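The block underneath contains the structure these notes are about, expressed in structure tokens.
The values are calculated or read from the model by the stated rules, or taken from the named source; none is laboratory data. Model, not experiment: these values are computed from the prediction. Don't worry about glycine lacking a Cβ; one is built from the backbone with ideal geometry, like all the others, and counts go over all protein chains shown.
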Amino acid sequence: MAPRGGFSNRLGFIAAAAGSAVGLGNIWGFPFEVGQGGGGIFVLIYLFFCFTLCLPVMLTEVAIGRRTNKNAVGAFTALGYKRWNFIGKLGVLSGVLILSFYNLIAGWSFGYIFEMATANFNISEGFNSFTSDLLKVGSYALIFMLMTSLVVSKGISGGIEKIAKILMPTLILMILGVVIYSLTLPHSMEGLKFYLLPDLSEIKFSTIYNAMGQAFFSLSLGMGALITYGSYVGKNENLVSSVTFITLADVGIAVLAGLMIFPLVGFLTEGSMSGVNSGPELIFVTLPKIFGTIGGVTGAIVGTFFFILLCFAALTSTVSLMEVPVSYTVDEWGISRKKAVVISAIVVFLVGIPSMLGHGFSCFFTEFAQFGDSEKPLNFLGVIMGIANDTFLPLGGFLIMIFASHIWKKENLDQEIMMGAPKYESSLLRKYMHLSTSYIIPIVLFSIFVTTVINTFF
Ligand code: PHE
């Protein structure tokens, strides 16, 4: 066991890291981003980014974490490059920003457990009044934050691991069930076509940018969450196979979530697919309607169970998001884990309030800003997603890659990855890692970043 506590075994790390990756990003975020990004073309670009850019970033993050046994900030100092620990600090900031809105959506999912349990399938029509009911939504978000805090304060192997191991497989089975059901509905094929057949004319710059942001967000990259989790992994673990498994699991579940949602949209819109680009409300509007068509008690049971599992998937992600600021403050400021949790929870909750107000309650935060090629004004949550998910995470990924290949040097990275993965030495992946960490990934990320800044502001 690593000195600061570690995962009890390999499965523990994989389950926790996959638990971090699989969450609202897959089931809530991916379908609506696909809807807004024009369908199949977004999926294609997203898949391409996950395997060519994100997998090497993930391997690098976990390797840095394991080598140093430190949090996202301390890791850079421990390698002897204190000046580079600003990358970790950027990660802590991203973690706080992401958790601030993530916790809100998790709160909605939590609230939906009760709506489904009381067979209130009409919530689809009343979704706006649901999200603008501040007392309700605020309390759900608060409860969710308390649950996250409780798990994180228990420490790494006590809390995170146990939850992840049981619930992930159940969630997959449940989604599979809904996929099968949705494919039997009329007009489901129109939905499937929208989802799976890329339409090149739909491609916009924002499609590429959002697909990249979504890939980083969904795989929990670019903010040191996986440096932090990597710090709890034993030296004899095979990082290459773990990281490959985590990527496949995460991408697989996102793809499944799309297979679940788009046939449903096809059915609900009788094939016209109108409203598919409606944004963050997509699953909260389509799913209850479908559970409603199952009807009565069965629909209520399926719906309730679905949102319970979604909440657990969200919880294993919120836990990893909070672990970043918490392990940073525990290690670097020398405060107790409990205190660190309380401080982080309060800060995150406060930062999340404008996102909460920006769903109908306050006009100012609901129509907060308009950028680039977007057609309608973004609410506060949309702006934070643009900054944190689509900008800070890829920027963090870029900096981590520059650091690992040019400052820390790729020989050291190599050596760390090779520990526990002897076959890596002569593998094709190693050759690709050399090329991609030093040149391909930094150049691609940097050009997308610069073009976006120009597109947005000029
Ligand atoms: N990957 C998580 C999800 O898809 C969200 C997340 C992002 C978690 C960044 C940790 C770090 O829901």
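Listed values, structure above:
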| quantity | calculated |
| --- | --- |
| Matching option when the condition is closer than 30 Å to K165 by Cβ, of a type in the set (A, V, I, L, M, F, W, C), touching a residue at least 60 places away in the same chain (Cβ under 8 Å) and surrounded by fewer than 24 Cβ atoms within 10 Å (Cβ to Cβ), among I294, I283 | I294 |
| Complete set of residues in region 378-412 that are free of Cβ contacts under 8 Å to residues at least 40 places away in the same chain and more than 23 Å from the chain's Cα centre (by Cα) | S405, H406, K409, K410, E411 |
| Evaluation of R67 against (1) surrounded by fewer than 23 Cβ atoms within 10 Å (Cβ to Cβ); (2) within 16 Å of the ligand (Cβ to nearest atom) (one fails), failing number | (2) |
| Failed criterion for L150 (all others in (1) surrounded by fewer than 17 Cβ atoms within 10 Å (Cβ to Cβ); (2) in contact (Cβ under 8 Å) with a residue 12 or more places away in the chain hold) | (2) |
| Unmet criterion (only one of (1) within 16 Å of the ligand (Cβ to nearest atom); (2) within 19 Å of I105 (Cβ to Cβ)) for Y328 | (2) |
| Qualifying residue in region 300-317 (condition: of a type in the set (S, T, Y) and either away from the ligand (no atom under 13 Å from the Cβ) or in contact with a Cys (Cβ under 8 Å, 6 or more places away or on another chain) (or both)) | yes |
| Filter result for M223 (out of contact with any Lys or Arg (no Cβ under 9 Å at 6 or more places or on another chain), crowded, with 23+ Cβ neighbours inside 10 Å and assigned to a helix (DSSP H, G or I)) | no |
| Search result, residues across region 85-96 that are away from the ligand (no atom under 16 Å from the Cβ) and either at pLDDT below 95 or among the small types (G, A, S) (or both) | N85 |
| Search result, residues across region 420-452 that are under 17 Å from E237 (Cβ atoms), in contact with a Leu (Cβ under 8 Å, 6 or more places away or on another chain) and hydrophobic (A, V, I, L, M, F, W, C) | A421 |
| Filtered residues of region 216-257 (kept if more than 16 Å from the ligand (Cβ to nearest atom) and hydrophobic (A, V, I, L, M, F, W, C)) | V233, L239, V240 |
| Residue under evaluation R337, criteria (1) more than 16 Å from the ligand (Cβ to nearest atom); (2) over 24 Å from G230 (Cα atoms), criterion not met | (2) |
| Boolean, L256 is within 20 Å of L197 (Cα to Cα) and assigned to a helix (DSSP H, G or I) | yes |
| Of all residues in region 38-64 being of a type in the set (G, A, S) and surrounded by fewer than 24 Cβ atoms within 10 Å (Cβ to Cβ), the one that is modelled with the highest pLDDT | G40 |
| Single residue of S438, S447 found to be away from the ligand (no atom under 16 Å from the Cβ), in contact with a Lys or Arg (Cβ under 9 Å, 6 or more places away or on another chain), assigned to a helix (DSSP H, G or I) and free of Cβ contacts under 8 Å to residues at least 40 places away in the same chain | S438 |
| Yes/no for T131 being more than 17 Å from M322 (Cα to Cα) and in a helix (DSSP H, G or I) | yes |
| Filter pass, S201 being surrounded by fewer than 22 Cβ atoms within 10 Å (Cβ to Cβ) and either in contact (Cβ under 8 Å) with a residue 24 or more places away in the chain or more than 16 Å from the ligand (Cβ to nearest atom) (or both) | yes |
| Meets criteria (away from the ligand (no atom under 12 Å from the Cβ) and surrounded by fewer than 24 Cβ atoms within 10 Å (Cβ to Cβ)) for G12 | yes |
| Of all residues making up region 75-119, the number that are among the polar types (S, T, N, Q) and without any contact (Cβ under 8 Å) to a residue 12 or more places away in the chain | 1 |
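Yes or no, residue by residue, for (1) farther than 19 Å from M322 by Cα; (2) in contact with a Cys (Cβ under 7 Å, 6 or more places away or on another chain); (3) within 12 Å of the ligand (Cβ to nearest atom):
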position: S20; (1), (2), (3): no, no, yes
position: L24; (1), (2), (3): no, no, yes
position: I27; (1), (2), (3): yes, no, yes
position: F30; (1), (2), (3): yes, no, yes
position: V43; (1), (2), (3): yes, no, no
position: T52; (1), (2), (3): yes, no, no
position: P56; (1), (2), (3): yes, no, no
